[in-house]
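Heads up, the thing below is written out as structure tokens.
The values are calculated or read from the model by the stated rules, or taken from the named source; none is laboratory data. Quick caveat, the model's predicted, so the values are computed rather than measured. Quick reminder, even Gly has a Cβ in these numbers, built from the backbone with ideal geometry, and neighbours come from all protein chains shown. When the accessible area is computed, the model is the full protein with side chains, heavy atoms only, and any ligands, DNA or RNA have been set aside. Shrake-Rupley method; radii C 1.70, N 1.55, O 1.52, S 1.80 Å.
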Amino acid sequence: MQYFVVMIDYGRRGREAIVDPEVTRREVISRIVSGEYGNISFIHEIADGAVEDITKDILAEAAVPEIASTGADLQASRFDHLRDLKKHETA
């Protein structure tokens, strides 16, 4: 049996591991290209009990440039900043 684990990072809102034994390598690549999978932390291929990190290979096939991990938190940081500003406002 072979399947893929795609870990999506939502910044301060957490992470989500997408595991579906029916999704093929080609389908993972197409979901990355379409934008369905974004802010990917890692992609692991599990086959015959062995785990392999194939993040770089899949992203290269999808022709998606790697974005620094600090870029993933920009929106969350903005929301935190706005919340902090509201907290310190005088009523």
Hey, could you check region 56-74 for residues that are surrounded by fewer than 16 Cβ atoms within 10 Å (Cβ to Cβ) and not in a loop (DSSP other than H, G, I, E, B) and say which is modelled with the lowest pLDDT? SER69
If I go through region 1-19 residue by residue, how many of them are open to solvent by less than 30 Å² (accessible area, probe 1.4 Å) and modelled with pLDDT under 90? 1
